[in-house]
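The values are calculated or read from the model by the stated rules, or taken from the named source; none is laboratory data. Bear in mind the structure is a predicted one, so any value in this text is a computation, not a measurement. Because the Cβ atoms are built from the backbone with ideal geometry, glycine has one as well, and the counts that use them run over all protein chains shown. With ligands, DNA and RNA removed, areas are computed over all heavy atoms of the protein, side chains included. Shrake-Rupley method; radii C 1.70, N 1.55, O 1.52, S 1.80 Å.
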Amino acid sequence: MIRPARRIADLDWQRNRAGAVIRQARLILALVGPMSLAGGSSAKSADFGPVQCTVRASYVGAAMHPAFAITKMAPVPEQALPPGVSRRLDGIYKRIEEFTGASALTAAVAVPGKGLWQKTHAPTDAPRLFWASAGKTFTAVVVLQLAEEGKLSLDDPVSRWIAGVPNGEIATLRDLLAHTSGLFSANEDVGAHADPRYRDPATNLEIVRRHGALFCPGASWRYSNTGYDLLGEVVRKADHRSIDEAITARILTPLGLSSLRALVPGGGSEGVAPLVTAREQPIDPSWAGAAGPVVGDAADMARFWAALLGGRLLPKRTVRAMAQTLYPMYDKGTYSGLGIMVFDVNDGARSIRWIGHAGGTPGASAIVAFSPADNAIVAVALTGDSATVPAANMLLKALAGPE
């Protein structure tokens with residue numbers, strides 16, 4: 001997984017400096033390893049003793065990141081970026097194709113007030129790419145919209161909506177969004193990992209019950225796909241429709257994002273570029289459910305983020321709240337909020353401060369992020385075992401120069 005991404009880093013990030021490659025390799029591991037929808041860390045029930053709690057705990061993890069300042073974003077006009085910029089982006093895209101060897105690749109750069117560049121190559125009968133955990137932001141937006149409408153509260157205990165969740169009387173919907181519930185992620189169960197297939201939320205909850213909670217709600221942070229699986233069930237009860245129907249009605253249709261599709265959980269992935277990996281049997285993207293429900297091209301993914309950060313889907317105060325409390329993830333420089341991620345790393349003299357979300361599973365990798373320094377949104381998804389983070393950084397760097 002690291003080697004193809006490292007080759008990209010050698011072209012652009014590293015400039016023959018080994019330290020930059022090491023930093024990039026660490027960032028890639030942070031992004032694509034822990035967030036895998038297919039495997040995760042392969043935790044076993046023997047790895048920890050279930051924790052039963054009567055009250056919330058104070059956070060005792062590593063230092064959190066300061067709130068990410070989200071300012072008003074101008075719309076992205078439906079026009080091409082200037083010719084000079086577009087030519088540079090075209091050249092970077094060709095390099096990404098060459099060095100990843102991806103069988104399907106989609107990329108876009110959207111600049112508020114200026115326009116959008118995009119390119120995609122994919123099978124004609126399967127033009128949509130899987131965004132894996134980058135789709136969690138769509139689930140989070142739906143939950144936050146329901147909270148704005150008074151149909152639920154982020155402070156609701158999980159038990160108000162779903163019975164039998166470990167520490168569900170204490171863990172809140174906010175905890176599920178922020179990955180601070182302490183819930184085990186069912187896809188990390190050794191038996192589930194050895195038998196990859198769609199499991200509905202009830203089945204995943206049975207797996208979680210067998211493992212129990214890893215820590216008291218609020219005490220720490222740990223990525224849990226099952227937490228988002230349960231949020232899909234909360235949406236079904238509060239909005240009276242499935243997560244794919246809610247995303248379609250609340251986000252995709254109003255914004256006219258015709259390439260994006262919310263998959264029916266377990267309903268198959270017709271029209272989606274097949275995942276390709278030499279590592280293990282890839283999952284069917286529809287198995288991810290609410291933990292990774294979206295497929296489509298990069299241009300529409302960038303448009304979605306422009307609408308989100310521009311206040312077209314949620315009030316500005318709610319968008320700011322998504323990046324208010326940021327927990328450190330598995331590696332230095334990555335942080336998690338309410339359905340979003342913040343990236344804060346150095347690329348030599350260049351500081352990277354991004355807000356977005358990344359995702360990965362054997363056979364697919366994706367990232368979408370807004371870079372305030374570049375005033376641009378970048379989105380990249382591919383099939384294969386290469387990482388998308390270096391590609392996104394190369395595309396943003398290409399913005400500098402004559403138009």
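Some points to look at:
- Calculated FRET value between Glu78 and Asp331, using beta carbons and R₀ = 22 Å, to 0.05: 0.05
- When only the Cβ of Lys, Arg, Asp and Glu is charged (+1, +1, -1, -1), the dipole of the range 246-403 relative to its Cα centre reaches about 640 debye.
- With the simple spin-label model, which puts each label point 7 Å out from Cα in the Cβ direction, the Lys237 to Thr253 separation comes to 2.5 nm.
- If the segment from Arg210 to Glu169 were pulled out straight at 0.36 nm per residue, it would be longer than the present Cα-Cα gap by 13.0 nm.
- For the chain, with all protein chains in place and a probe radius of 1.4 Å, 51% of the accessible heavy-atom surface sits on carbon or sulfur.
- By the Kirkwood approach, averaging reciprocal distances over each pair of separate Cα atoms, the chain gets a hydrodynamic radius of 20.9 Å.
- Förster-model FRET efficiency, 45 Å R0, Arg350 and Thr124, C-beta, rounded to 0.05: 0.75
- Per residue accessible area in Å² of the range 71-190, where ligands, DNA and RNA are left out and the probe is 1.4 Å: 36
- Förster-model FRET efficiency, 35 Å R0, Arg320 and Glu245, C-beta, rounded to 0.05: 0.80
- Cα-based helix-to-principal-axis angle, 298-309 vs the chain, degrees rounded to 10: 60
- Positive-end residue of Ala398, Ser133, Met329, charge dipole of the chain with Cβ unit charges: Ala398
- Length-normalised contact order for the chain - Cα pairs under 8 Å, 6+ apart - percent: 28
- Taking 31 Å as the limit for the C-alpha separation, the pairs Lys332/Lys397; Lys151/Lys397; Lys72/Lys151; Lys114/Lys316; Lys237/Lys316; Lys316/Lys397 exceed it in the case of Lys151/Lys397.
- Residues of the range 379-403 with an amide N closer than 14 Å to a point placed 7 Å from the Cα of Arg87 along the Cα-to-Cβ direction: 401-403.
- With the simple model of a label 7 Å out from the Cα in the direction of the Cβ, Thr203 to Glu98 spans 4.5 nm.
- Solvent exposure ordering (accessible area, 1.4 Å, most first) of Phe343, Phe68: Phe68, Phe343
- Each Lys and Arg Cβ is given +1 and each Asp and Glu Cβ -1; about its Cα centre, the chain then shows a dipole of about 1020 debye.
- Accessible area per residue was computed with a 1.4 Å probe on protein heavy atoms; Leu214 scores about 40 Å².
- With Cα atoms, 0 to 90° folded angle of helix 18-32 axis to the chain main axis: 40
- Length added when fully stretched, His193-Asp156, from 0.36 nm per residue minus Cα-Cα: 10.2 nm
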